[in-house]
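Reading through the structure tokens given below for one structure.
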Amino acid sequence: MVKVTIDNIEVEVEPGTTILNAARKIGGKIVPPAMCYYSKLKGTGGKCRTCLVKVTKGSEKDPRPMPKLVPSCSTAVMDGMVVQNITSPEVLEARKAIVEFLLINHPLDCPVCDQAGECDLQNLSYEHGLSETRYEEERRTFEKIDIGDKIQLHMTRCILCYRCVFVADQLTEKRVHGIMNRGDVAEISTYIKNSVDNEFSGNMIDACPVGALTDKTFRFKSRVWFAKACDAHRNCTHCGGKVTVWMAGNDILRVTGRKDKYGEVEEFICNECRFEKKDLKDWVIEGPRKISRESVISQNHYMNKNKPEKKK
Amino acid sequence: MEKKILLANIETPDFGKFETFRKQGGYAAVEKALKTMSPENVVDEVKKSGLRGRGGAGFPTGLKWSFIDKSTNNPRYLLCNADEGEPGTFKDHYLILKNPHLLIEGMILSSFALGANTAYIFLRGEWFYLMKILDQAIEEAYAKGYLGKNILGTDFSLDLYCHPGGGAYICGEETALIEALEGKRGNPRMKPPFPAIKGLYQNPTCVNNVETIAAVPWIINNGGCEYANVGIGKSTGTKLISACGHINKPGVYEIEMGLPVEEFIYSEKYLGGIKNGKKLKAVIAGGSSVPILPTELILKTAKGEPRLLSYESLADGGFETGTMMGSGGFIVMDETTCMVKSLLNYSRFYHHESCGQCSPCREGTGWMEKILHRIEHGQGNMHDIDLLVDIAKHVEGNTICPLGEAAAWPVRSSILHFRKEFEAHVINKKCTFNNG
Ligand SMILES: Cc1cc2nc3c(=O)[nH]c(=O)nc-3n(C[C@H](O)[C@H](O)[C@H](O)COP(=O)(O)O)c2cc1C
Ligand code: SF4
Ligand code: SF4
Ligand code: FES
């Protein structure tokens, strides 16, 4: 085990653990945000640069500080390393800048976006964003396109985090989708008007941190915080069949993978479970999904609320 | 006499042909190394020579070679970076055109030193005619037993391929080059692991610039110490400088490191002075990604010493008053040049060439170009100038590969040294140079 100190809190982790995962082990406010890293997908991270941190001491052996900020999601800890996240003004300044960059070509159309309430970018900009934009130039826009019969791509909202590309690469056969072009004209696309229709493609929707990939069977049915989320399962021949169903009364509006507190699914699910099983009869309901009090989704759900005791 | 190491004899008719090259002493270093030296000896000579990578970063070549992971039995690769995409840099192109066999000889020696049995020259795709030249030279070298199985009867074997790229500047970055060679999108990889541990096909790989590799035969023939005697301080040997812009004699020059910049610009032997008798205004000394310097600072350092063409002297003063050797693309601008317009040009290039993986580079390069476009066309505000500096600072240092810095440095240095010109564009609401 190796020791690392993040924002003055010491933690012991396995060698090879990244700074981000060490911070997640501590938990709370010192965990850097992550837009492109996705622990369930190999090789993700390093691209969005929202998780940059400052290493003020490299290790016990080589105590020199690192010359630049480093991406915590893809930098392994060393024994004796000292890291600053929210205790470094430099990190907070860089993060603010990264949020500004990410929002340049993002429309902030949260009021009409299906991802609202579950969007990592929304949370990130709430915490680190500026209240006003300094960007006066023209922004890029795209027509929405159906990249399969169940998935709609709204490129205008895409932040090019590559998560869906990794999903396609690692979970689906006959990959037909990826990134075209370079720089800020890069876009997610299918290969020559192909459609994404293999059994596990729906996981791209769950992995997308923003509302660029949406579930066509759910679009505009409800705001997520109005839906009742329950964990459910069924016997499935393709996947583990463990899902979260999102209901209005007894109607299932949407089925997703179960997400952890970092917004990453616990297990990938198949398209049949996600898109085709919308009947309550299909599922064994396990009970309400526990949702963090801090999440907007917990709005209107007064589960397990402990009333403060009256002072005598 | 000036020293010629890379461009010696190139005027000999048919120098690009095997026989002519061989007659002038070509491939002697291969015989010497393969028959009388061990790979370690070759690495040692290169270490002694003080040769530093000529691709831009100037990292010591011998040291870089010693990082190659020799603990596995996996194949090792040598990749020659012949992508040369930096605006203003065209020296590798010239070297290959004039002296293809020197590069091949260097490839054999470097591969031998690294224990690589397969090597690639990754050539910029637009230079299809250079590929023909290289392919022909490679074919000749195979036919004469300098490539292939058991070279010159020794137990060293090497296969050498020339591989065209797609013509994207980012494919010159070493890990993007590896990705591209593997047939993928040329996106830079995250480091670590470094190529020396996991490079091409996840095997130990060394990426070196054309000019770096071409210097190796001379070092083996004459010894590392002899090479270290050429040049000045830690800038040993000769350097190819590709010079362009408002000068009388643009072209590729092989200079001995340490040549004064003033002599390089004004002497008849080199650039022959500024065109049409105009005054010098600024120079970008190492390809468009290094900081630009105004006349007073390119000819003399802030301490008043003559500025020399060497790594140390060019960098003297740091970002405030110095610049970098970079790839050796020497871009000269006379008094009629509009600094805003020329910066706009570079910014447009970096915007276009960003691979788009990292958010700051993807979005920041475009933002900078658009602001510069407005300023150049008289639609800028005073606060745009500070905004530009702020954006550049937030791109710089926060990206996966150095393209972020390459895009940020020209912006920061142009405003640092020529702020008045940016302000004049804002105040006059137009470009006052109108130089077309
Ligand atoms: C965006 C970018 C483009 C580059 N283009 C080239 C190039 O065209 N040729 C080159 O030799 N090095 C280029 N480099 C530097 C290479 O990454 C690498 O440092 C070099 O090839 C190593 O060779 P050397 O040690 O012999 O200099 C580039 C780097 C960056 C960041
Ligand atoms: S569509 Fe979503 S998951 Fe895919 S790159 Fe864009 S933001 Fe990331
Ligand atoms: S800095 Fe720019 S070119 Fe380099 S990896 Fe990031 S986006 Fe790509
Ligand atoms: S989460 Fe680390 S760079 Fe994106």
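Bear in mind these aren't lab numbers, they're just calculated from the coordinates by the rules spelled out. If you're wondering where the values come from, they're calculated on a predicted model, not measured in any experiment. Reconstructed Cβ throughout: ideal geometry from the backbone, glycine too, with neighbour counts over all protein chains shown.
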Mean separation of Cα pairs under 8 Å and 6+ residues apart, divided by the residue count of chain B: what relative contact order is that in percent?
-> 16
Before rounding to the nearest 500, sum -39500 (n - 2.57) across all DSSP H runs of length at least 4 in chain B and divide by the residue total; then give [θ] at 222 nm in deg cm²/dmol.
-> -13000 deg cm²/dmol
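Residue separation times 0.36 nm, minus the C-alpha to C-alpha distance between A:S222 and A:R293: what's the value? Walk me through the numbers before you get to the answer.
On the way: separation 71, 0.36 × 71 = 25.56 nm, distance 2.02 nm.
Length gained, A:S222 through A:R293: 23.5 nm.
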Of B:E296, B:E11, B:E226, the most mobile residue in a GNM of chain B (C-alpha springs, cutoff 10 Å) is B:E11
Honestly segment B:80-138 on the Cα gyration tensor test (a ≥ b ≥ c root eigenvalues; a/c under 1.5 rounded, otherwise a/b vs b/c for prolate or oblate) is just prolate
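So what is the relative contact order of chain A, in percent, for Cα pairs below 8 Å that sit 6 or more residues apart?
On the way: 590 pairs, mean separation 42.7, N = 312.
Averaging sequence separation for qualifying contacts and normalising by length gives 14 percent for chain A.
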Relative contact order computed over segment B:76-195 (Cα-Cα under 8 Å; 6+ residues apart), in percent | 27
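With n ≥ 4 as the cut-off for DSSP H runs, can you work out [θ] at 222 nm for chain A, using -39500 (n - 2.57) per run divided by the number of residues, rounded to the nearest 500? Intermediate results must be reported in sequence, preceding the final value.
On the way: 5 runs with 47 residues, N = 312.
Value at 222 nm, helices only, nearest 500: -4500 deg cm²/dmol.
Determine, from the Cβ-Cβ distance of B:Y161 and B:N229 and an R0 of 35 Å, the FRET efficiency 1/(1 + (r/R0)^6), rounded to the nearest 0.05.
Details: r = 36 Å, r/R0 = 1.01.
Working from the Cβ atoms, E equals 0.50.
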Put a dot 7 Å past each Cα toward the Cβ at B:Q24 and A:A116; how far apart are the dots in nm?
-> 7.2
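Treat the count of other C-beta atoms within 10 Å as a stand-in for reagent exposure and order A:V70, A:V55 from fewest to most. Please report the intermediate quantities before stating the final value.
Details: A:V70 17, A:V55 24.
Fewest-to-most Cβ neighbours within 10 Å comes out as A:V70, A:V55.
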Among B:H246, B:S157, B:L181, the residue whose Cα sits farthest towards the positive end of the charge dipole of chain B (+1 at Cβ of Lys and Arg, -1 at Cβ of Asp and Glu, taken about the Cα centre) is B:H246
Gaussian network model of chain A, Cα springs within a sub-10 Å range: biggest mean-square fluctuation belongs to which of A:S125, A:S292, A:S39?
-> A:S292
Honestly segment B:23-119 on the Cα gyration tensor test (a ≥ b ≥ c root eigenvalues; a/c under 1.5 rounded, otherwise a/b vs b/c for prolate or oblate) is just oblate
Whole-Å distance linking the alpha carbon centroid of segment B:175-194 with that of segment B:407-436 is 36
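Could you tell me the calculated FRET efficiency between A:K96 and B:R419, based on Cβ-Cβ distance and R0 = 30 angstrom, to the nearest 0.05?
On the way: r = 25 Å, r/R0 = 0.84.
After rounding, the FRET efficiency stands at 0.75.
With charges set only on the Cβ (+1 for Lys and Arg, -1 for Asp and Glu), what does the dipole of the protein assembly as shown come to about its Cα centre, in debye to the nearest 20? Before the final figure, lay out the partial values.
Numbers: 96 positive and 92 negative charges, 337 e Å.
Roughly 1620 debye for the protein assembly as shown.
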Where the centroid of each part is defined by its Cα atoms, how far is segment B:78-137 from segment B:324-381 in Å?
-> 29
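Among B:F128, B:F18, A:F101, rank each residue by its count of other Cβ atoms within 10 Å, from fewest to most, as a rough exposure measure. Provide the component values of the computation, followed by the final result.
Numbers: B:F128 10, B:F18 21, A:F101 29.
Exposure proxy ranking, most exposed first: B:F128, B:F18, A:F101.
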Could you work out how far the C-alpha centroid of segment A:95-166 sits from that of segment A:223-288, in angstrom?
-> 25
Would you mind computing, in nm to one decimal, how far apart the modelled labels at A:E136 and B:K32 are, each placed 7 Å from Cα along Cα→Cβ?
-> 6.3
